[in-house]
Amino acid sequence: MGGYLSHLECTACGKVYSAGELHTVCPACGKVLYPRYDLDRAKAEVTREMIAGRAPTMWRYQELLPVNDPANIVTLGEGMTPLLPVPNAAKALGLGEVLVKDEGLNPTGSFKARGLSAAVSKAKELGARAAALPSAGNAASAAAAYCARAGMDCYIVMPVDAPHANQVECDEYGAHTYLIHGLINDAGKVIREGSAAQGWFDMSTLKEPYRVEGKKTLGYEIAEQLGWTLPDVIIYPTGGGTGLVGMWKAFAEMEALGWIGSRRPRMVIVQAAGCAPMVRAYHAGQRHAEPWQDAETIAAGLRVPVAIGDYLILQAVRDSGGEAYAVTDETILDDMRELAHSDGLFACPEGAATFSALKAMVRERKVAPTDRVVLFNTGAALKYVDLLHPALPIVDAAHPIAAAQSR
């Protein structure tokens with residue numbers, strides 16, 4: 001297992017660095033570093049058939065992940081989440097096939113388990129003793145869990161209005177957890193200062209090279225689950241954007257391995273109307289996104305005013321012929337309910353936003369009835385129930401309930 005990791009490469013200036021020591025961002029330009037692999041050797045030695053016989057976790061793609069010694073893998077069984085059809089919602093929209101990659105079934109209840117499994121594993125292999133990161137919620141939960149399993153100290157800073165469930169999880173996992181009056185970028189400033197002073201390894205989104213490697217397994221899984229083909233459209237809720245750029249990286253790797261062809265899905269990003277820096281930059285034709293002022297949305301994972309990987313996100317959307325949408329909180333709440341009613345899928349706010357974007361694409365005739373569409377539900381909606389306040393009737397036990405009314 002392992003041994004295919006070759007080096008780190010800057011996605012902006014192209015400088016190359018050793019993968020045998022801890023790195024955060026590119027020392028030369030401060031941009032995102034990507035791990036690179038010996039794909040020629042992997043192509044000769046690893047087959048899709050080999051993958052198929054392995055355990056149903058993201059580590060089935062072990063040769064394309066950065067850990068060299070399997071003893072250093074820190075896993076809770078993350079990955080190989082279901083790709084669920086939502087036929088009733090699809091029919092209502094006049095579409096043939098809409099699938100939801102349900103990441104809420106991961107350990108700690110979100111897609112963040114993938115990135116933190118990979119990042120904590122590699123940090124452990126390279127000798128890190130303490131990790132730190134800012135988070136809007138779910139990344140904190142995952143970091144706390146995987147650091148606990150690895151025996152590493154974990155330092156977390158979250159906005160005070162991060163979902164209560166995430167705050168509880170971090171505390172229960174034993175992380176050193178702090179709240180801040182502000183947004184995730186404010187939390188990030190505290191983490192940067194603490195990391196410099198205390199020697200913590202900063203695992204902020206795309207500010208170290210390995211979270212993206214866990215997230216890229218989303219791309220490998222979708223291809224495998226669809227018989228080593230890719231969908232026509234992928235709609236992804238975008239805060240820091242690691243999953244989107246990770247999938248784009250995975251598609252290039254799989255093509256180099258001979259596992260898929262050159263065709264790519266249209267990559268569609270969706271953000272909240274109250275925090276949409278990528279959408280604004282996309283429509284303005286910009287390569288970088290200006291920070292969003294006074295960010296506000298119920299979707300905690302979309303409340304990211306600035307992202308270091310903005311240029312990677314925007315390039316993937318444009319290169320794929322994709323789109324960018326911003327949706328209101330009211331629409332998100334309505335579409336959480338609609339998906340739950342139509343197909344029994346209780347999506348988190350970020351996941352429901354992808355359904356909102358799909359409906360916008362249908363209205364604008366930017367998706368065809370024959371297109372295969374994949375939406376991402378990035379987390380378990382049960383973490384967000386404090387947003388919902390149903391008015392339920394109280395019955396008298398002595399009297400029967402009348403026949404159910406259609407809701």
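Where only DSSP H runs of four or more residues are counted, the chain gives -11000 deg cm²/dmol as its mean residue ellipticity at 222 nm, each run worth -39500 (n - 2.57). I want to verify a result. In a Gaussian network model of the chain, Cα cutoff 10 Å, which of these has the top mean-square fluctuation: 393, 56, 305? For the chain, modelled as a Gaussian network with Cα springs under 10 Å, the answer is 393.
So what's the angle, to the nearest 10 degrees on a 0 to 90 scale, between helix 242-257 and the longest Cα principal axis of the chain? With rounding to tens, the tilt is 60 degrees.
Round to the nearest 10 and give me the degree value, 0 to 90, for the angle of helix 112-125's Cα axis relative to the longest principal axis of the chain. In the chain, helix 112-125 runs at an angle near 20 degrees to the longest axis.
By the gyration tensor of its Cα atoms, with a ≥ b ≥ c the square roots of the eigenvalues, what is the shape of segment 219-345: rounded for a/c under 1.5, prolate for a/b over b/c, or oblate? Judged from the Cα gyration tensor, segment 219-345 comes out oblate (a/c at least 1.5, b/c at or above a/b). Loop sites here are GluC sites (Glu not before Pro) outside DSSP states H, G, I, E and B with no more than 14 other Cβ atoms within 10 Å. The longest part of the chain free of them is 22-295. Between residue 392 and residue 280, residue separation times 0.36 nm minus the direct Cα-Cα distance comes to 36.3 nm.
Considering only 324, 392, 367, and ranking their Cα positions along the charge dipole of segment 289-394 that arises from unit charges at the beta-carbon of Lys, Arg, Asp and Glu, the one farthest toward the positive end is 367. Roughly how far apart, in whole Å, are the Cα centres of segment 86-135 and segment 233-292? Comparing the Cα centres of segment 86-135 and segment 233-292, I get a distance of 15 Å. Of all beta bridges that DSSP places with both ends in the chain, some 30 percent have antiparallel geometry.
For segment 184-254, the Cβ-based charge dipole about the Cα centre amounts to some 180 debye (Lys, Arg positive; Asp, Glu negative; other atoms uncharged). Taking 18 Å as the limit for the C-alpha separation, the pairs 112/366; 112/383; 101/216; 189/383; 122/216 exceed it in the case of 112/366; 189/383. Per the Debye formula on identical point scatterers at the alpha carbon atoms of the chain, with no solvent, log10 I(q)/I(0) at q = 0.07, 0.10 Å⁻¹ is -0.31, -0.63.
Here the chain is assigned +1 on the Cβ of each Lys and Arg and -1 on the Cβ of each Asp and Glu. Its dipole about the Cα centre then comes out at about 820 debye. Round to the nearest 10 and give me the degree value, 0 to 90, for the angle of helix 349-363's Cα axis relative to the longest principal axis of the chain. Here the helix axis deviates by roughly 70 degrees. Residues 183, 84, sorted by accessible area with the largest first, give 84, 183 [1.4 Å probe; ligands and nucleic acids excluded].
The values are calculated or read from the model by the stated rules, or taken from the named source; none is laboratory data. Because the structure is predicted, anything quoted here is derived from the model rather than measured. Neighbour counts run over all protein chains shown; Cβ positions are idealised from the backbone, glycine included. What goes into the accessible areas is simple: the full protein's heavy atoms, side chains included, and nothing from ligands, DNA or RNA. Shrake-Rupley method; radii C 1.70, N 1.55, O 1.52, S 1.80 Å.
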